[in-house]
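S.K.: There's a structure below that I have some questions on.
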Amino acid sequence: MKRRENRESRGAGRAFLGRVQGSRFTAAARKGVAREDGTALVEMGLSSILVMMALFGIMQTSFLLYSYNYVSNAARDATRYAALRGPNSCTDATVTPFPNCGLKPTSFTSTTDKTKNPLLNYVESMGYPGLNASNTSMEVKYLVATKTSAGLTTWASDSNCSSTSDTDSNGNSCNNVGNMINVKVIYKFPLNIPFWKRVIVPVGSTSQMMISE
């Protein structure tokens, strides 16, 4: 009888020990799952930062290309505008009044102030959506035509054709018909990507055309 009682007590003890160990294993397993859930949350947060940087980087690059399209069109339009406003444009009877007729080097005394740069004022009036007009600047140059000994016409900048002089080194008018007008438009694009530094990217385009009237 004593042996049987001892065996039963031992069996009960082993069963109790098994239940205790099983409960400990279950609790440890639950803790392990909880730890894995927290790790996944952290990993998702870190990966989300990279995804957002890539997404906004693509968007900002698209706006950068859009701003380049703007400066390209602005340079071409400003060049055509100036090429039709040479020395004879003020006597054109077909258009009354002819705005900004007779443009010359002294008409452009600033690269950033539209009140002192008629072409910059014209470009800013185009009103491209999504762009800050105050970030636009413009450089205007007159190229003087000369003929080589072979009879070929070449164009080169003349230091006298500046914002303080309307005549070239030979005493001729810088805006004569046959000379070139050179326009360079620059737009300072603010590249702003989250979690990265903010930089200014200058986007520029140059166009030139012969003065026709």
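The values are calculated or read from the model by the stated rules, or taken from the named source; none is laboratory data. Since the model is a prediction, treat every value here as computed from it, not as a measurement. Cβ sites come from the backbone with ideal geometry, for glycine too, and all protein chains shown count toward neighbours.
S.K.: Being more than 15 Å from ASN176 (Cα to Cα), of a type outside the set (Lys, Arg), assigned to a helix (DSSP H, G or I) and in contact (Cβ under 8 Å) with a residue 60 or more places away in the chain narrows it down to one of ALA82, ALA74, so name that one.
M.R.: Details: ALA82 fails: more than 15 Å from ASN176 (Cα to Cα).
One residue alone meets the criteria, ALA74.
S.K.: Of (1) touching a Ser or Thr at 6+ places or on another chain (Cβ under 9 Å); (2) more than 20 Å from SER67 (Cα to Cα), TRP196 satisfies all except one. Which?
M.R.: Of everything listed in (1) touching a Ser or Thr at 6+ places or on another chain (Cβ under 9 Å); (2) more than 20 Å from SER67 (Cα to Cα), TRP196 misses just condition (1).
S.K.: Would you confirm whether or not the stretch 114-128 contains a residue that is under 33 Å from the mean Cα position of the chain (by Cα), of a type in the set (Lys, Arg) and not in a helix (DSSP H, G or I)? So that I can check it myself, show each step before the final result.
M.R.: Filtering the stretch 114-128 down to residues under 33 Å from the mean Cα position of the chain (by Cα) leaves 114-128.
Imposing the further condition that a residue be of a type in the set (Lys, Arg) reduces the set to 114, 116.
Right, trim to not in a helix (DSSP H, G or I) and you get none.
No - not one qualifying residue is present in the stretch 114-128.
S.K.: Still on this model: May I ask you to say which residue of TYR142, TYR187 is in contact with a Cys (Cβ under 9 Å, 6 or more places away or on another chain), under 22 Å from SER72 (Cα atoms), outside any loop (DSSP other than H, G, I, E, B) and of a type outside the set (A, V, I, L, M, F, W, C)?
M.R.: Only one candidate passes the filter, namely TYR142.
S.K.: Please state which one of SER107, SER67, SER89, SER72 is touching a Leu at 6+ places or on another chain (Cβ under 9 Å), closer than 19 Å to PRO202 by Cα and either surrounded by 16 or more Cβ atoms within 10 Å (Cβ to Cβ) or among the aromatic types (Phe, Trp, Tyr) (or both).
M.R.: Details: SER107 fails: closer than 19 Å to PRO202 by Cα; SER89 fails: closer than 19 Å to PRO202 by Cα; SER72 fails: touching a Leu at 6+ places or on another chain (Cβ under 9 Å).
Every option except SER67 fails the conditions.
S.K.: Restricting the first residue to the stretch 156-180 and requiring it to be under 18 Å from THR79 (Cα atoms), which pairs with a second residue that is outside any loop (DSSP other than H, G, I, E, B) and among the basic types (Lys, Arg) meet a Cβ separation below 8 Å and a spacing of at least six or different chains?
M.R.: Here the result reads SER157/LYS141; CYS161/LYS141, each pair linking the stretch 156-180 to a residue that is outside any loop (DSSP other than H, G, I, E, B) and among the basic types (Lys, Arg).
S.K.: Among the numbered conditions (1) under 30 Å from VAL51 (Cβ atoms); (2) surrounded by fewer than 18 Cβ atoms within 10 Å (Cβ to Cβ); (3) in contact with a strand residue (DSSP E or B) (Cβ under 6 Å, 6 or more places away or on another chain); (4) not aromatic (Phe, Trp, Tyr), tell me where GLY130 comes up short.
M.R.: All conditions are met except number (3).
S.K.: Here's a check for you: in the stretch 145-184, which residue that is in a strand (DSSP E or B) and among the charged types (D, E, K, R) is surrounded by the fewest Cβ atoms within 10 Å (Cβ to Cβ)? I'd like the intermediate steps shown before the answer.
M.R.: Just the residues of the stretch 145-184 that are in a strand (DSSP E or B), to begin with: 145-147, 153-157, 162, 165, 167, 173, 177, 179-184.
With among the charged types (D, E, K, R) added as a condition, the list becomes 147, 184.
On the way: LYS147: 9, LYS184: 19.
Among them, the one singled out is LYS147.
S.K.: When you look at LEU84, is it at pLDDT 75 or above, farther than 30 Å from VAL201 by Cβ and surrounded by 12 or more Cβ atoms within 10 Å (Cβ to Cβ), yes or no? Let's see the steps before the verdict.
M.R.: Details: at pLDDT 75 or above: yes; farther than 30 Å from VAL201 by Cβ: yes; surrounded by 12 or more Cβ atoms within 10 Å (Cβ to Cβ): yes.
Judged against the criteria, LEU84 is a match.
S.K.: Is it the case that some residue within the stretch 197-208 is charged (D, E, K, R) and either in contact with a Leu (Cβ under 8 Å, 6 or more places away or on another chain) or more than 18 Å from PRO87 (Cα to Cα) (or both)?
M.R.: yes
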